[in-house]
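Okay, structure first, notes after.
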Amino acid sequence: MKLKLLSVALGLLFCTTAMAQVKGGHNLKLAKLYTSGKYEICLFKAEDLCNDPAAGRESEPYLYAAMCYIKLYESTDPEVAADYKDGMRQAVKYTTKFVRKDTDGELYRQNTDFIDVIKKHLQKEIKTYCSSENYTKASNSARNYEKLAHKPDYLFLYYSGMLKCMANNSVQGEHDMAEARTQLAEQVINNTVKVDPIVKSLIIDGFLKYSMQLVNEKRKKDAEAVITLGKKVFPNDGYISVQYNMIVGKK
């Protein structure tokens, strides 16, 4: 891939797109390259640091690499965009590495706006795959989404387990659901369940689809357990309530 200095088109992008560097970062060289719109050079420098045995322990270069990949992926220069057509996939990869490297969570907390960009991309992927009932690919995207959480999100883990089950990976799916169910039961009692707003609609849809699949498979008790948990987590959702009444019956 040959180096391309960014064109006037990217100069215009500089003016219209948020240009914030990594918040809380300390690598001034990467910050200067990024804020001046030299995304490809910044990317190469960041990747060099990621591959360095010592510098690669730091989380900041991974975040810069992810941010640069998105800028290049979204470039209005056709040649640049063509060279980085897998830029979003690379951005996801580097963001998950960033989360893993950022052990104290300090940079993570300061850059949640960028993390949310990646989350929204994966949310759209999962939604698209679920719409076409490609639950294997939806499950793969969900696995990447899980990696974006600095602390375990047990509700999403449960949802991810449902996707695995619908993708005929029931052994792993049921294991994930059982692990998450224990934590969720305690959170429901303590009223501490946190619902990620980015994937709330996906999770509700997962409860609906998987519980109905279980009904169709004549596994009524399993369906009751799934939709009952859904009812406890989302007590005010109309669709969950209707399906709960249909499967469990009005109490």
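The values are calculated or read from the model by the stated rules, or taken from the named source; none is laboratory data. Values in this document were obtained by computation on a predicted structure and should not be read as measured data. Cβ placement follows ideal geometry from the backbone for every residue including glycine, while neighbour counts extend to all protein chains displayed.
Selection over region 85-106 of residues that are within 21 Å of Glu60 (Cβ to Cβ) and either part of a loop (DSSP other than H, G, I, E, B) or outside the structural domain of Gln21 (by TED's automatic domain parsing) (or both) gives a count of 4.
Could you pull out the residue among Leu163, Leu148 that is out of contact with any Lys or Arg (no Cβ under 8 Å at 6 or more places or on another chain), within 28 Å of Phe234 (Cβ to Cβ) and either assigned by TED's automatic domain parsing to the domain that holds Gln187 or surrounded by fewer than 21 Cβ atoms within 10 Å (Cβ to Cβ) (or both)? Quick ask: steps written out before the conclusion?
Details: Leu148 fails: out of contact with any Lys or Arg (no Cβ under 8 Å at 6 or more places or on another chain).
Sole residue among the options that is out of contact with any Lys or Arg (no Cβ under 8 Å at 6 or more places or on another chain), within 28 Å of Phe234 (Cβ to Cβ) and either assigned by TED's automatic domain parsing to the domain that holds Gln187 or surrounded by fewer than 21 Cβ atoms within 10 Å (Cβ to Cβ) (or both): Leu163.
If the condition is being surrounded by 16 or more Cβ atoms within 10 Å (Cβ to Cβ) and over 23 Å from Asn134 (Cβ atoms), then region 188-221 contributes only Val193.
Going residue by residue through region 222-243, is there one that turns out to be within 30 Å of Phe114 (Cβ to Cβ) and either outside the structural domain of Ala167 (by TED's automatic domain parsing) or of a type in the set (A, V, I, L, M) (or both)? Yes, there is a match, as at least one residue in region 222-243 is within 30 Å of Phe114 (Cβ to Cβ) and either outside the structural domain of Ala167 (by TED's automatic domain parsing) or of a type in the set (A, V, I, L, M) (or both).
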